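Here is the structure we will look at, set down as structure tokens.
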Amino acid sequence: VNELSLIRKIRRLKGARGIGDDCAVIPMTSGNALLTTDLLIEGVHFERETHKASDVGWKALARGLSDIAAMGGEPRQCLVSLALAPWNIARWVDGFYRGLLALAQRERVALVGGDVSRAPQFVCDIVVVGTVPSGAQLLRSGARPQDAIYVSGELGGAGLGLARRAGRAWRRHVRPEPRVALGKFLRGRATAAMDVSDGLALDLHRLCLESGVSAELEGPLPLFPGATRAQGLGGGDDYELLFTAPLSTPIPARLRGLRLTRIGRIRQGKPGSLSDEGRPLRITGWDPFSRP
Ligand SMILES: [Mg+2]
């Protein structure tokens with residue numbers, strides 16, 4: 001089993017509808033609601049020995065906000081369900097909510113509910129609700145041949161941080177910044193968008209599969225200082241936005257200080273296939289099922 005094949009199977013089940021983007025889009029009487037859910041599990045997404053409680057709380061919400069940003073939405077509310085492990089003392093749980101609510105307050109997101117239970121290891125499931133005007137949501141499926149491919153910020157910082165466990169790169173790993181303002185800016189500009197949560201190569205592969213196109217990377221990637229190209233392509237956890245737009249659509253080099261870099265071009269070709277300066281690119285990235 002791997003993540004893509006499992007999701008493909010779930011999408012074919014009777015009663016499943018509209019699965020495949022960063023959020024579900026629910027039509028409302030005015031505009032759309034966006035819903036996304038994310039798991040954060042001890043031993044899979046973080047280690048109790050190295051990750052501070054407040055950082056785990058921050059990241060739990062940041063991952064959901066990043067999915068809302070990827071769809072061009074405005075995050076509004078969240079629901080947080082926790083399964084506490086025997087080692088989760090009250091002080092740790094306080095720290096978790098302190099980190100989560102610091103980000104929630106900054107982004108004007110209300111914590112409106114959830115559930116608590118226990119389990120052998122700590123598990124958090126977060127649901128984030130957002131809104132987007134009708135027809136303005138950004139999907140993975142709109143990329144067209146000749147569109148330019150862009151990515152925000154710098155790649156590979158979180159992967160480097162995981163290797164170094166210290167400094168600015170580690171902070172990048174434990175406190176990702178959801179790109180909500182950029183997502184809103186891309187409404188009506190981007191033809192497709194998603195967040196880079198599992199690695200640029202794997203996420204671009206997914207975007208291309210949904211759009212039925214292939215992609216060619218051209219030129220240098222905007223790498224985090226010290227990160228390797230391999231970390232930029234497959235490191236994951238960067239939570240930048242990956243998007244496509246026609247060449248005729250002006251995209252600034254920076255948006256409120258955030259770098260926006262053109263990294264390639266959408267091509268007609270085998271859906272999901274990637275190339276790098278004309279050579280086939282191996283699809284690397286984070287899959288929860290490929291690790292022990
Ligand atoms: Mg996502």
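Here's the yes/no breakdown for (1) modelled with pLDDT of 95 or more; (2) closer than 25 Å to L6 by Cα:
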position: G234; (1), (2): no, yes
position: L241; (1), (2): yes, yes
position: S248; (1), (2): yes, no
position: P252; (1), (2): yes, no
position: G264; (1), (2): yes, no
position: S273; (1), (2): yes, yes
position: L281; (1), (2): yes, yes
position: P288; (1), (2): no, yes
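Among the criteria (1) assigned to a strand (DSSP E or B); (2) surrounded by 15 or more Cβ atoms within 10 Å (Cβ to Cβ); (3) away from the ligand (no atom under 16 Å from the Cβ); (4) of a type in the set (D, E), the one D125 does not fulfil is (3). Every listed requirement among (1) among the hydroxyl-bearing types (S, T, Y); (2) in a strand (DSSP E or B); (3) modelled with pLDDT under 95 is met by S5 save one, (2). Is there a residue being charged (D, E, K, R), surrounded by 17 or more Cβ atoms within 10 Å (Cβ to Cβ) and touching a Ser or Thr at 6+ places or on another chain (Cβ under 9 Å) anywhere in the stretch 75-90? Within the stretch 75-90, one or more residues are charged (D, E, K, R), surrounded by 17 or more Cβ atoms within 10 Å (Cβ to Cβ) and touching a Ser or Thr at 6+ places or on another chain (Cβ under 9 Å). When we screen E210, E177 for residues that are touching a residue at least 12 places away in the same chain (Cβ under 8 Å), within 16 Å of the ligand (Cβ to nearest atom), part of a loop (DSSP other than H, G, I, E, B) and under 22 Å from G72 (Cβ atoms), the only hit is E177.
When you look at L217, is it in contact with a strand residue (DSSP E or B) (Cβ under 6 Å, 6 or more places away or on another chain) and within 16 Å of the ligand (Cβ to nearest atom), yes or no? Even if it seems obvious, please write down each step before you answer.
Values: in contact with a strand residue (DSSP E or B) (Cβ under 6 Å, 6 or more places away or on another chain): yes; within 16 Å of the ligand (Cβ to nearest atom): no.
No: the conditions fail for L217.
For the stretch 41-71, taking the residues that are touching a Gly at 6+ places or on another chain (Cβ under 9 Å) and either part of a strand (DSSP E or B) or more than 16 Å from A104 (Cα to Cα) (or both), the one that is nearest to the ligand (Cβ to nearest atom) is identified as A70.
I want to confirm something. Restricting to the stretch 29-40 and keeping residues that are away from the ligand (no atom under 16 Å from the Cβ) and touching a residue at least 12 places away in the same chain (Cβ under 8 Å), which single residue is surrounded by the most Cβ atoms within 10 Å (Cβ to Cβ)?
Initially, the stretch 29-40 is screened for residues away from the ligand (no atom under 16 Å from the Cβ), giving 29-33.
After this cut, where a residue has to be touching a residue at least 12 places away in the same chain (Cβ under 8 Å) as well, the list is 30-33.
Numbers: S30: 8, G31: 17, N32: 21, A33: 17.
Out of the qualifying residues, it is N32.
Counting just the residues of the stretch 246-259 that are among the aliphatic types (A, V, I, L, M) and out of contact with any Ser or Thr (no Cβ under 6 Å at 6 or more places or on another chain), which one comes out surrounded by the fewest Cβ atoms within 10 Å (Cβ to Cβ)? Result: A253.
Any idea which of S141, S81 is within 16 Å of the ligand (Cβ to nearest atom) and modelled with pLDDT of 95 or more?
Working: S81 fails: within 16 Å of the ligand (Cβ to nearest atom).
Only one candidate qualifies: S141.
Of everything listed in (1) touching a Lys or Arg at 6+ places or on another chain (Cβ under 9 Å); (2) buried (at least 21 other Cβ atoms within 10 Å of the Cβ), the single unmet condition for L61 is (1). With the requirement that a residue be more than 16 Å from the ligand (Cβ to nearest atom) and surrounded by 12 or more Cβ atoms within 10 Å (Cβ to Cβ), what does the stretch 4-15 give you? R8, the sole residue that qualifies.
How many residues does the stretch 1-27 hold that are out of contact with any Asp or Glu (no Cβ under 8 Å at 6 or more places or on another chain), in contact (Cβ under 8 Å) with a residue 40 or more places away in the chain and either closer than 22 Å to Q77 by Cβ or not hydrophobic (A, V, I, L, M, F, W, C) (or both)? Going through the stretch 1-27 one residue at a time, the tally reaches 2. If you go through the stretch 144-174 and keep only what is within 16 Å of the ligand (Cβ to nearest atom) and either acidic (D, E) or not in a loop (DSSP other than H, G, I, E, B) (or both), you end up with V151, S152, L155, A158.
Only residues that are more than 16 Å from I7 (Cβ to Cβ) and within 11 Å of the ligand (Cβ to nearest atom) were counted across the stretch 183-194, and they come to 1.
The values are calculated or read from the model by the stated rules, or taken from the named source; none is laboratory data. Keep in mind it's a predicted model, so treat the numbers as computed, not measured. Positions of Cβ are generated from backbone atoms using ideal geometry, with glycine treated the same way; all protein chains shown enter the neighbour counts.
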